[in-house]
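Before any comments, here is the structure.
The values are calculated or read from the model by the stated rules, or taken from the named source; none is laboratory data. The model shown is predicted, which means the values in this text are computed figures rather than measured ones. With ideal geometry, Cβ positions are generated from the backbone for all residues, glycine too; neighbour counts draw on all protein chains shown. Please note that ligands, DNA and RNA were not included when accessible areas were found on the heavy atoms of the full protein model with its side chains. Shrake-Rupley method; radii C 1.70, N 1.55, O 1.52, S 1.80 Å.
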Amino acid sequence: MSELCSFPDFRRIMEDINRKEKLFLNYVPVYIVLPLFGIVAKDNKHAELETTERNLKRLKEEACIDGVMVDVWWGIVESEAPKVYNWNGYKELFKMIKRLELKIHALMSFHKSSQNRKTTSLPSWVVQVGKDNPDIYYTDRKGFRNDECLSLGIYSDYMSSFKENMAEFLEDGVVGAIEVGLGPNGELCYPSFPSDQRWTFPGIGEFQCYDKYLKKDYENAEKKAGHSMLDLSKEKFGDYNSKPHETTFFKENGTYDTEKGKFFLEWYSNKLILHGDQILREANKIFTGLKIDLVAKVSGVHWLYNHPSHGAELTAGYYNLYDRDGYRPIARMLNKRTAFSTLMKYNKNAKEDALSAPGELVKAVLSKAWKEGIEVIGANTSEIINAEGYNQVLLNARPNGSNPKGKPKLKVHSFMYLRLSETIFSRNYDMFKKFVRNMHADQDYCGDAEKYAHEVESNSAITIEEILAATKSSGSFKWDDDTEAKVDG
């Protein structure tokens, strides 16, 4: 008969388990973002499923990635007619991911996307509705309709169909997060920087409030307030590629800083927040009771951040100035939900005239989310090719390093690595593996679904008063100078 553990041995075992549990609280899961096009084609078939499975299997076994992020395209699933859904392609994909014992971060993609001559469109029947009623699209001052996404709308039927058809993956924890697309590129922002060559970096962008519905709403808001309105047709906002000093609105001490300008900007940003709140409340109702994270994505508008007007942020819908917080109201809107996604890897070598401050923006957005008590999911917007890029992400993931006694005060929920391709294996693959290990706080892979997500609960609508109460300017948390977990350290 084997001897039972002595009390000191048992105590050491329990202490070791305790220590590992505390260290796990420093663990940041890493998800690989699948290619934008071709994973599920327009005909709901897979052109590269075997290759994708082989690459994911290798990344799971060799690098210990935690999961994948995949766009679930509205234009593919509901392409034929309203409420006629075909989930076959995505079911096959999800089954493959489940076989590999990976988690899924599903992005409900309600937008159009184009890249390298490849396009995923809105459903054809929506495009036809847009021809008959172009005011369903956001519209700039010259009357150009942006057909990347819809001006208003709730996609509850689509999300309900996803829940019904993907129930097995939701209930067993394979799908750990659902990101709800809220605008261009799935982000909660106005399409102020269109991708069809009209805008180039670091242009200021244009306001998108000239469809008949938003124009009428603005007129009603002004009447209710009882004072004269800013004339949107006559104000010199410039165009997509203007610089602040070339306009009367965005120049230093310009119209943006007058009472009329402030009223307009408050209305414009509030419409965006309320739009996001409306759609996310529908998502909450649909997914209530499931253990998943509901996610909204915030755009990283870092250019002109160092100009007094923060002009590019203003046209995108983020009313953020040195004395007014534009991100905490969004975080407050989300604080009854789970998480929001934002950039964590950025190019520090922007044009000098861009007045860009991506590092300061990242600190500000992360800090406002943490102050509101919500989780943050990070992402890179460009490929990471060297140690500097990986170390930048590691620092932003745990700005004050790991905490051997438990969860760090500042830590992101997870990280989306953009994106799966053969170059992962051919360019600094060993460094990528070290990066994942360091994001995991040097812990072994954890496949426990209970540690990944939170139960969705129902919640109430945010009020204008709650939004305005969150606009009081507040600083960012302090970051360490360098990460303790360098990939080249």
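Figures for the structure shown
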{"item": "For peptides 461-469, 272-280, 222-230, sequence by mean Cβ density within 10 Å, most packed first", "result": "272-280, 461-469, 222-230"}
{"item": "Sum of side-chain charges, Ser161 neighbourhood, beta-carbon under 10 Å (Lys, Arg +1; Asp, Glu -1)", "result": "-1"}
{"item": "Kirkwood Rh and Cα Rg combined as Rg/Rh, the stretch 125-259", "result": "1.08"}
{"item": "Phi to ³J(HN,Hα) by Karplus 6.51 cos²θ - 1.76 cosθ + 1.60 over the stretch 66-81, Hz, x for Gly, Pro", "result": "8, x, 10, 10, 9, 6, 9, 6, 4, x, 9, 6, 10, 6, 7, 6"}
{"item": "Once the Cα gyration tensor of the stretch 356-489 is diagonalised, semi-axes √(5λ) in Å", "result": "29, 19, 16"}
{"item": "In order through the stretch 137-143: 3J(HN,Hα) via Karplus (6.51 cos²θ - 1.76 cosθ + 1.60), integer Hz, x for Gly, Pro", "result": "9, 4, 9, 8, 5, 7, x"}
{"item": "Built amide H within the under 5 Å cut-off of Val68, gap 5+", "result": "Ile32, Lys103, Ile104, His105"}
{"item": "Stretchable slack from Phe201 to Asp323, in nm (0.36 nm times residue separation minus alpha-carbon distance)", "result": "41.4 nm"}
{"item": "Label-point gap, in nm, between Arg54 and Thr288 - each point 7 angstrom along Cα→Cβ", "result": "4.8"}
{"item": "R0 of 22 Å, Cβ-Cβ distance Glu422-Glu61: FRET efficiency to nearest 0.05", "result": "0.80"}
{"item": "Signed unit charges on C-beta, dipole axis of the chain, positive-most listed residue Gly359, His111, Val412", "result": "Gly359"}
{"item": "Set of aspartates and glutamates near Lys42 by C-alpha distance (under 14 Å), chain-local residues within fewer than 8 positions excluded", "result": "Asp71, Glu78, Glu80"}
{"item": "Spatially proximal aspartates and glutamates relative to Lys243 (Cα-Cα < 20 Å; intrachain offsets below 8 disregarded)", "result": "Asp140, Asp196, Glu206, Glu235, Glu252, Asp257, Glu313, Glu352, Asp353"}
{"item": "Solvent-accessible area per residue, Å², over the stretch 375-484 with all protein chains present [probe radius 1.4 Å]", "result": "48"}
{"item": "Cα→Cβ-extended label distance, 7 Å offset, between Lys95 and Lys83, nm", "result": "2.8"}
{"item": "Chain lengthening between Arg141 and Asp442 when straightened (0.36 nm per residue, less Cα-Cα)", "result": "103.1 nm"}
{"item": "Net length gained if the chain between Leu232 and Lys22 were fully extended (0.36 nm per residue, minus Cα distance)", "result": "70.1 nm"}
{"item": "List Leu418, Leu182, ordered by accessible area with a 1.4 Å probe, largest first", "result": "Leu418, Leu182"}
{"item": "Nonlocal amide H pairs with Asp293, under 5 Å, H built at 1.01 Å", "result": "Ala177, Ile178, His454"}
{"item": "Rounded to whole Hz, the Karplus (6.51, -1.76, 1.60) HN-Hα couplings of the stretch 407-421, x for glycine and proline", "result": "5, x, 4, 10, 7, 6, 6, 6, 9, 9, 8, 9, 9, 5, 6"}
{"item": "Alpha-carbon gyration tensor eigenvalues x 5, square-rooted, for the chain, Å", "result": "39, 27, 22"}
{"item": "Dipole magnitude of the stretch 201-355, debye to nearest 20 (Cβ charges: Lys/Arg +1, Asp/Glu -1, about Cα centre)", "result": "680"}
{"item": "Span from the the stretch 232-285 Cα centroid across to the the stretch 369-397 one, whole angstrom", "result": "28"}
